[in-house]
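All remarks here apply to the structure that follows.
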Amino acid sequence: MEKRKVIIIGTAYPFRGGGMSTYNERLAEAFMQRGDQVTIYTFSLQYPGFLFPGKTQYSTDPPPKNLDIRVAVNSVNPFNWIKVGLEIKRLRAEIVVIRYWMPFMAPCLGTLARIIRGNKFSKVVAITDNIVPHEKMPGGGLLSRYFVKSCDGFIAMSRAVLNDLDKFDTVKPRMFSPHPLYDNFGPAIPKELARKKLGLEEGIKYILFFGFIREYKGLDLLIKAFGDERFRNLPVKLLIAGEFYIDSQPYLELITRLGLNDQIVLRTEFIENKEIVNYFCASDIVAQPYKDATQSGVTQIAYHFDKPMLTTNVGGLSEMVPDGIVGYVVAPLVNEISEALWRFFNENKEKEFSANAAIEKKRFSWEILLERIEAVAGFRERKSEK
């Protein structure tokens, strides 16, 4: 197999970036495992402080080993875009992968792509989390159009995003490739040990909601569903693990109003990578009650640990979780969420769904993603996207 020079532009250490840093770093490792020379260009400034909803943008984890990460890109400084763009242009990488997730980044990333492609050598492939954002912003469509026009091709991690690309371009090559498995959080540990590490009660089953808390993720629906009287008679608690990126007060008031303070465990701080294994292994089922979504890295962490899932039938989530096999796919409605969770516990589905997850996860490989990036870039014959 021909070895290539690859550059990845996107969030990476020292930014914590949620799943994006983890994804980009794992993608670099996948290329390197084949012998490719890989450099990640991450941000020197990702968001201005007043635009960032969390407590800090920076990771407290140690830096990843064996990765060439250059802290260089300022998302709001056009002079920086020119400087960094010219630097990458001169490196003449065969493939430049740009991670695109929101219109705010379009001027920066689109300008970098235009400058880099000026060498008439590098192929710029965008991995698109979203083209149409979950949370609307003025001029978002125009900004996304600017970015789309700057690239040679696209990888979409859901068919919904693949279809959204048609709003901006119908000619450039693109392929669907689902979010690969997050297999870099270590092996699973016994449930009892995970719960002990987290200080959770013994003899209780746990529903896990994991990740940054935003309005579109539907935590309010899950809390209301968990308020179903049937759960009062079960040894079940809801474990909410993740930092609020919106006002927490409405959620806390909802928990109090429904009388769920003793049935919900709040760990609403940023969860470091080293702690992720504990939260997933402590849980019985992972709930993703999203009101709007394209794909979710939480699904791929759950698969890594063979965890049953509840997802909603929005965006690309239902493509990832076969209904009735690995978990349940329901409408983003309180009654449907509560009914599915009730069935899961009442019918003791954990063992069955977990075994099925261990089989189903084999279709989410990083090698498939690499093959499709190469196909879009023109280095490999384009084959089936399934």
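Only one of (1) farther than 17 Å from ALA12 by Cβ; (2) modelled with pLDDT of 75 or more; (3) not hydroxyl-bearing (Ser, Thr, Tyr) is not met by LYS65, so which one is it?
(1)
Could you list all residues from segment 245-279 that are in contact with a Lys or Arg (Cβ under 8 Å, 6 or more places away or on another chain) and more than 28 Å from TYR47 (Cβ to Cβ)?
The answer is LEU254, LEU258, GLN263, ILE264, VAL265, ASN278.
Take segment 273-326 and flag every residue that is in contact (Cβ under 8 Å) with a residue 60 or more places away in the chain and touching an Asp or Glu at 6+ places or on another chain (Cβ under 6 Å).
ASN273, ASP284, HIS304, listed by residue number.
Within segment 113-151, work out how many residues are among the charged types (D, E, K, R) and under 15 Å from ILE9 (Cα atoms).
To start, the set of residues in segment 113-151 that are among the charged types (D, E, K, R) comprises 114, 117, 120, 123, 129, 135-136, 145, 149.
Right, trim to under 15 Å from ILE9 (Cα atoms) and you get 114, 117, 123, 129.
Total satisfying the criteria: 4.
For segment 188-196, check the following and say yes or no: at least one residue is buried (at least 19 other Cβ atoms within 10 Å of the Cβ) and within 26 Å of HIS304 (Cα to Cα).
Filtering segment 188-196 for residues buried (at least 19 other Cβ atoms within 10 Å of the Cβ) gives 194-195.
Still in the list and also within 26 Å of HIS304 (Cα to Cα): 194-195.
Within segment 188-196, one or more residues are buried (at least 19 other Cβ atoms within 10 Å of the Cβ) and within 26 Å of HIS304 (Cα to Cα).
Give PHE176, PHE154 a once-over and let me know the one that is in contact with a strand residue (DSSP E or B) (Cβ under 9 Å, 6 or more places away or on another chain), modelled with pLDDT under 95 and assigned by TED's automatic domain parsing to the domain that holds GLU94. Reasoning before the result, please.
Working: PHE154 fails: modelled with pLDDT under 95.
Going through PHE176, PHE154 in turn, the sole match is PHE176.
The values are calculated or read from the model by the stated rules, or taken from the named source; none is laboratory data. Bear in mind the structure is a predicted one, so any value in this text is a computation, not a measurement. Note that each Cβ is placed from the backbone with ideal geometry, even for glycine, and that neighbours are counted across all protein chains shown.
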